[in-house]
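Asker: Let me begin by handing over the structure; questions about it come next.
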Amino acid sequence: MKKPTDKISSKKAVSVLLSLKELISSIFKGELSREEEEIKSLIEKSIDVAINAIYQKDKSKIVKIPYKIGSKVWVIDSYDGYTGYIFLGCNENYAFLGSGINGSFDVDDICQYGYEEFQYGSQSAYIVPLKDVFLTKESAEQALRERETK
């Protein structure tokens with residue numbers, strides 16, 4: 001039988017911490033007092049700190065995400081100059097993008113379009129170099145101009 005002091009894998013430790021976080025969410029649900037909300041938040045933040053500490057041992061697992069998941073981002077591409085997409089995530093070198101914005105700035109419209117593409121088997125995540133992704137159209141335009149003058 002393992003002792004509590006025996007080492008466990010990082011993957012198992014993170015799994016346990018995530019389960020604990022789910023348990024905390026199920027305990028603290030519904031309408032909470034201010035004090036209960038603060039306690040819940042403190043426990044969840046502590047769990048997040050513990051998970052990050054585990055990942056600090058393996059730096060390759062930690063990637064600072066430069067944009068909020070679901071953000072509209074602009075990408076320099078070889079066809080149109082720049083195009084808007086929905087940011088899904090990234091690793092150190094590449095961004096994973098969802099549906100193109102195609103002129104719509106309504107997130108519901110974009111999600112509906114992406115879902116319809118998925119239903120017909122034509123939707124895929126776009127993977128582009130992270131250096132080609134910008135938060136604003138203006139930033140993408142500026143970077144494109146700079147690249148063209150080089």
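Asker: Only residues in the range 8-20 that are surrounded by fewer than 10 Cβ atoms within 10 Å (Cβ to Cβ) count as the first member; pair them with residues that are hydrophobic (A, V, I, L, M, F, W, C) and at pLDDT below 85, Cβ under 7 angstrom, at least 6 apart or cross-chain, and list the lot.
Answerer: That search, which allows pairs on different chains as well, returns nothing.
Asker: Right, something else. Based on what the data block shows, is residue 105 more than 29 Å from residue 21 (Cβ to Cβ) and at pLDDT below 85?
Answerer: Considered against the rule, which asks whether it is more than 29 Å from residue 21 (Cβ to Cβ) and at pLDDT below 85, residue 105 comes out as yes.
Asker: Let me ask something else about it. Among the residues of the range 72-90, how many are out of contact with any Gly (no Cβ under 8 Å at 6 or more places or on another chain), surrounded by 12 or more Cβ atoms within 10 Å (Cβ to Cβ) and modelled with pLDDT under 80?
Answerer: The total comes to 3.
The values are calculated or read from the model by the stated rules, or taken from the named source; none is laboratory data. Here the structure is a predicted model, which is why all the values come from computation and not from measurement. In this analysis, Cβ positions are derived from the backbone assuming ideal geometry, glycine residues included, and neighbour counts consider all displayed protein chains.
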